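See structure below.
Read-outs: derived from the displayed coordinates by stated rules, not from any lab. Quick caveat, the model's predicted, so the values are computed rather than measured. We place every Cβ from the backbone using ideal geometry, glycine too, and count neighbours over all the protein chains shown.
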């Protein structure tokens, strides 16, 4: 059951990364079934917790999620708490072939959690 919700945000973002356009560099990588990594926006310095997953046996199963979070949290990301951090956040970006290549803002349970 998908408990995620989409949200509409009509405010003007301070940086493109807050509008779903990302120019970032990976800081750390934690692997499990999917790939967790922490990115930092090259323009504004915002940190993002990212997870990517694709199930090779199923077409259009590619998905990624990006959660904005504080620099102080970078050291607490593990393979055990990564999904929890997303679900505790106020919102995150979701995209990939699972979403028809669209990027959307949502909150709640990740579809990815059903695979893990």
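Count of the stretch 42-85 residues, restricted to those that are touching a residue at least 12 places away in the same chain (Cβ under 8 Å) and assigned to a helix (DSSP H, G or I), is 6.
Of the residues making up the stretch 70-89, those that are under 13 Å from residue 47 (Cα atoms) and surrounded by 15 or more Cβ atoms within 10 Å (Cβ to Cβ) number 1.
For the stretch 90-104, filtering for residues that are at negative phi, part of a loop (DSSP other than H, G, I, E, B), over 10 Å from the mean Cα position of the chain (by Cα) and surrounded by 15 or more Cβ atoms within 10 Å (Cβ to Cβ) leaves 1.
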